[in-house]
Amino acid sequence: MPAKSLVHPAESTLLPRLLAGAALLALLALAVPAQARTEGADPSWQPQASERLVKLPADHLRKSLDSDFARSELGEALRQAEADIALKAQTLGDLQGAIERAKGDVRTELRHQFLAEKQQYITLVARRHDLGRKQFKTRERVFEQLLEKLGRDESRSSPARLDLMEKQELARKRFAASLGKVDLNLLATSAAPESRYAREHTRNAAAIEALSQAIREHPANREPSVDGEALTKQDYIRQLLADAQAGLALLDQEESILGYMAKLVALDASALSDELAEPDPAGSPAREKAGLAAAVEFFTRR
Amino acid sequence: MFRSPNLYPLRCVAFAAAAFAGLAAGAAQAGPLENLERERALLIDTLLAPELSPAERQGKVEIGRRRLVDLERMVLRDNSLTGRNTPTVRRAFDNYDLTFLVHAAAEKNVTILDNWLEQAGLTTQSLMGAKRGRR
């Protein structure tokens, strides 16, 4: 109580003015976000386009990359940023409601706080954008490397090797086509029972076929497709690459939105500052004059 | 016919082919393809061996043929050979009729020996038309 009584009413309006000024300065600082954003921890995610990744089925490749990202520092930081943004948005909503209900100095104070929170919201979103950009750029790099490796694998076959593979394919086709005839021929000319290899191979082949069928029909092994058209691994990786690039393009667009938001907050802060700085018709200058005149009496009276 | 001394050079060819295949393989561990080459050489040697009686030859050929059938199938089903660009593998798949002797013979309804002789360029006509002489 005594402390409060010492504060002149004029000083109570000074505080929000100073705060608004500080907010304005802070918003001006937002104009150089790149510098601000580089401060603090720099979470990393460094996936490698390994041979294992190249050999994975297309959809498993994406899942593996997603899972690796979720476990990384960058993934953790992005999740944290999302949570912070959600909390800040909630705070902004609460403050907006409170401003509508408040009056007088409390309202001014809340407006200032609202501006400060909006500024923090923009900083958080900018941070999330940086992290998201890093994620998409890393994905882009990995998919580029995967495509390069897949292309290299295909072009690695020399003409001699391709020729050999063609001959092997022809030999297998010929073998498969003549298998029944050969078996009949062998049975007709031999009284001996089937060899162990032939017997067990037939049994194992049936088991392998049953398992292969189950694998083909397994929901987790479904090949990715677009409009019912199955995609090759290269096609799918190109699709993922396009998705990553689309993510980057959307981030660019969101940067513009963020820029407009920052500008609006700066304008709001400026307007609030101007509003508070406007001279009150029954305000302080007259009172100051009166106070000084009254003080004259302290010097003239004896 | 098999006791004929004229077939002695053929046996030499068969052994030489087997020896060459063995050398070309070069690996310490023999795979199904190397075993196939060896069994095939032994079967051809049996077919051409003049010292065997027809019954002995028939018995040995039958055993060899059954073993060769399995080996040929193992090689044809061996995915590890796909694209393995070595001289042995290349040569094996260069001539199906010669490498997969039993299957090719059964497919064409001819005997193994007839199939092999045909692949070696020796037909009845060419043999009957041959004359002994000095080059």
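The values are calculated or read from the model by the stated rules, or taken from the named source; none is laboratory data. In this text, all values refer to a predicted model and were calculated from it rather than measured experimentally. No Cβ is skipped: glycine too gets one built from the backbone with ideal geometry, and neighbour counts run over all protein chains shown.
How many residues does segment A:220-262 contain that are hydrophobic (A, V, I, L, M, F, W, C) and touching a residue at least 60 places away in the same chain (Cβ under 8 Å)? Walk me through how you get there before you give the answer.
Within segment A:220-262, the subset hydrophobic (A, V, I, L, M, F, W, C) is A:220, A:226, A:230-231, A:237, A:240-242, A:244, A:246, A:248-251, A:257-258, A:261-262.
From the residues that got through so far, the ones that are touching a residue at least 60 places away in the same chain (Cβ under 8 Å) too are A:231, A:237, A:240-241, A:244, A:248, A:251, A:258, A:261-262.
Total meeting the criteria: 10.
Under the condition of being small (Gly, Ala, Ser) and within 11 Å of another protein chain (Cβ to nearest Cβ), which residue from segment B:60-95 is surrounded by the most Cβ atoms within 10 Å (Cβ to Cβ)? Write out each step before concluding.
Here is the first cut: in segment B:60-95, the residues small (Gly, Ala, Ser) are B:64, B:80, B:83, B:92.
Still in the running and within 11 Å of another protein chain (Cβ to nearest Cβ): B:83, B:92.
Numbers: B:83: 15, B:92: 24.
Among residues in segment B:60-95 that are small (Gly, Ala, Ser) and within 11 Å of another protein chain (Cβ to nearest Cβ), the one surrounded by the most Cβ atoms within 10 Å (Cβ to Cβ) is B:92.
Here are some residues: A:167, A:181. Which one is over 52 Å from the mean Cα position of the chain (by Cα), surrounded by 10 or more Cβ atoms within 10 Å (Cβ to Cβ), assigned to a helix (DSSP H, G or I) and facing another protein chain (nearest Cβ under 9 Å)?
Details: A:167 fails: over 52 Å from the mean Cα position of the chain (by Cα).
Checking each option against the conditions leaves just A:181.
Between A:214, A:262, which is surrounded by 11 or more Cβ atoms within 10 Å (Cβ to Cβ), at pLDDT 80 or above and part of a helix (DSSP H, G or I)?
Details: A:214 fails: surrounded by 11 or more Cβ atoms within 10 Å (Cβ to Cβ).
Going through A:214, A:262 in turn, the sole match is A:262.
State all residues of segment A:82-94 that are among the aliphatic types (A, V, I, L, M) and in contact with a Leu (Cβ under 6 Å, 6 or more places away or on another chain); if no residue qualifies, say none. Write out each step before concluding.
Within segment A:82-94, the first condition is being among the aliphatic types (A, V, I, L, M), and the residues that meet it are A:83, A:85-87, A:89, A:92.
Once the filter is applied, which keeps residues that are among the aliphatic types (A, V, I, L, M) and in contact with a Leu (Cβ under 6 Å, 6 or more places away or on another chain), segment A:82-94 yields only A:85.
In segment A:217-259, which residues are surrounded by 15 or more Cβ atoms within 10 Å (Cβ to Cβ), more than 16 Å from residue A:118 (Cα to Cα), modelled with pLDDT of 85 or more and of a type in the set (A, V, I, L, M)?
A:237, A:240, A:241, A:244, A:248, A:251
Does any residue of segment A:121-130 turn out to be surrounded by fewer than 17 Cβ atoms within 10 Å (Cβ to Cβ) and in a helix (DSSP H, G or I)?
So the first thing to find is which residues in segment A:121-130 are surrounded by fewer than 17 Cβ atoms within 10 Å (Cβ to Cβ), and the list is none.
Checked against the condition, which is being surrounded by fewer than 17 Cβ atoms within 10 Å (Cβ to Cβ) and in a helix (DSSP H, G or I), segment A:121-130 yields no hits at all.
Find the residue count for segment B:62-81, including only residues that are in contact with a Ser or Thr (Cβ under 6 Å, 6 or more places away or on another chain) and in contact (Cβ under 8 Å) with a residue 40 or more places away in the chain.
Count: 0.
Restricting the first residue to segment B:109-135 and requiring it to be at positive phi, which pairs with a second residue that is surrounded by 10 or more Cβ atoms within 10 Å (Cβ to Cβ) and not aromatic (Phe, Trp, Tyr) meet a Cβ separation below 9 Å and a spacing of at least six or different chains?
Hits for this filter: B:109/A:181; B:109/A:185.
Would you list the helices (runs of 4 or more DSSP H) that sit entirely within segment B:63-116 and hold 3 or more residues that are under 25 Å from residue A:192 (Cβ atoms)?
On the way: elements: B:87-94, B:96-99, B:101-108.
Counting at least 3 such residues, we get B:101-108.
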